[in-house]
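Asks: First the structure, which I've put down as structure tokens, then a few questions once you've had a look.
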Amino acid sequence: MKEVVDFIDKWLREQNRHVISFCFERTQSATITTDTLWRIVVLGFARLYPSVCQHILNIVQSNKIPDPSDNDGRFKFLIETPLSKLNDVPYEELPVIVIDALDESGGLRYDSSRKDDHKGLLRMLKHWIHVDHLKRFELILTSRHDEFIQRMFPESMSIHIDIPSGSNVNPGDSTSHDIRSSSHNSIQWEKEVHGSKGLSIAWSLMLQVFLSGQ
């Protein structure tokens with residue numbers, strides 16, 4: 001998915017949107033964890049907004065930040081509370097958070113020692129899209145096909161884009177595209193898109209719909 005994420009990043013920056021991105025790697029699950037994600041995200045916000053920076057300084061100096069094993073507590077201190085201070089920032093100026101390879105969080109098929117970390121991450125991401133002030137921040141998640149992730153984020157609450165790859169791609173097919181937007185804010189491919197030009201056009205259209213909130 002690297003090519004897709006690189007395109008999303010470039011396209012958003014061309015629209016003058018700030019991007020905060022993070023990538024999981026299943027072979028490095030001991031060091032690339034949910035807590036790492038939240039720290040990268042909040043540091044990205046702290047660089048852009050003095051109010052978030054001051055909040056982080058305050059909790060570090062007070063030594064009240066929850067233990068890294070407390071996923072819920074860390075999320076509240078590092079994400080939910082500081083981002084509540086940005087309600088006066090116009091929607092179109094807010095950063096977009098891109099989380100790549102979500103299925104790789106938790107290691108090799110969620111090894112036993114990291115399984116709870118993976119489940120905790122999905123629970124917090126689902127919580128994110130239900131909190132009023134957090135819903136203003138767009139999340140773009142990439143993942144291989146994963147039934148558990150799909151159940152956590154059904155099309156009734158998210159936009160799904162399927163990108164054919166490997167044996168699912170037929171080089172002889174057309175590079176044409178057709179995007180269908182349903183009434184409950186989900187987007188699905190009706191035709192496969194092949195080739196870098198077709199992919200770029202299709203992703204440009206999808207991102208325009210995504211950021212317009214349609």
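The values are calculated or read from the model by the stated rules, or taken from the named source; none is laboratory data. Computed from a predicted model, the values in this text were never measured in an experiment. Virtual Cβ from ideal backbone geometry, glycine too; neighbours counted across all protein chains shown.
Asks: So which helices (runs of 4 or more DSSP H) are wholly in segment 1-95 and hold at least 3 residues that are polar (S, T, N, Q), assigned by TED's automatic domain parsing to the domain that holds Leu134 and farther than 18 Å from Leu134 by Cα?
Replies: Those helices (runs of 4 or more DSSP H) span 50-62.
Asks: Here's a follow-up. For segment 38-58, name all the residues that are crowded, with 16+ Cβ neighbours inside 10 Å, of a type outside the set (Ser, Thr, Tyr) and in contact with a helix residue (DSSP H, G or I) (Cβ under 8 Å, 6 or more places away or on another chain).
Replies: Trp38, Arg39, Val41, Val42, Phe45, Ala46, Val52, Cys53, His55, Ile56
Asks: Here's another thing I want to ask about it. Just one of the numbered conditions (1) at pLDDT 80 or above; (2) of a type in the set (Val, Ile, Thr); (3) not assigned by TED's automatic domain parsing to the domain that holds Asn71 is not true of Thr142; which one?
Replies: Failing condition for Thr142: (3).
Asks: Please list, ordered by first then second residue, the pairs with beta carbon atoms under 8 Å, 6 or more apart or interchain, first in segment 130-146 and closer than 17 Å to Val89 by Cα, second loosely packed, with under 14 Cβ neighbours inside 10 Å and among the hydroxyl-bearing types (Ser, Thr, Tyr).
Replies: That search, which allows pairs on different chains as well, returns Arg136/Tyr91.
Asks: Condition test on Asn71, is it polar (S, T, N, Q), surrounded by 15 or more Cβ atoms within 10 Å (Cβ to Cβ) and either modelled with pLDDT under 90 or in contact with a Leu (Cβ under 6 Å, 6 or more places away or on another chain) (or both)?
Replies: Taking the combined requirement at face value, the residue satisfies it.
Asks: Name the single residue, out of those in segment 111-139 being assigned to a loop (DSSP other than H, G, I, E, B) and of a type in the set (Gly, Ala, Ser), that is modelled with the lowest pLDDT.
Replies: Checked segment 111-139; the qualifying residue modelled with the lowest pLDDT is Ser112.
Asks: Which one of these does Asp35 not meet: (1) surrounded by 16 or more Cβ atoms within 10 Å (Cβ to Cβ); (2) of a type in the set (Asp, Glu); (3) at pLDDT below 90?
Replies: (3)
Asks: Regarding Lys64, is this residue of a type outside the set (Phe, Trp, Tyr) and modelled with pLDDT under 85? Don't jump to the end; show me each part of the working.
Replies: Values: of a type outside the set (Phe, Trp, Tyr): yes; modelled with pLDDT under 85: yes.
For Lys64, the condition - of a type outside the set (Phe, Trp, Tyr) and modelled with pLDDT under 85 - is met.
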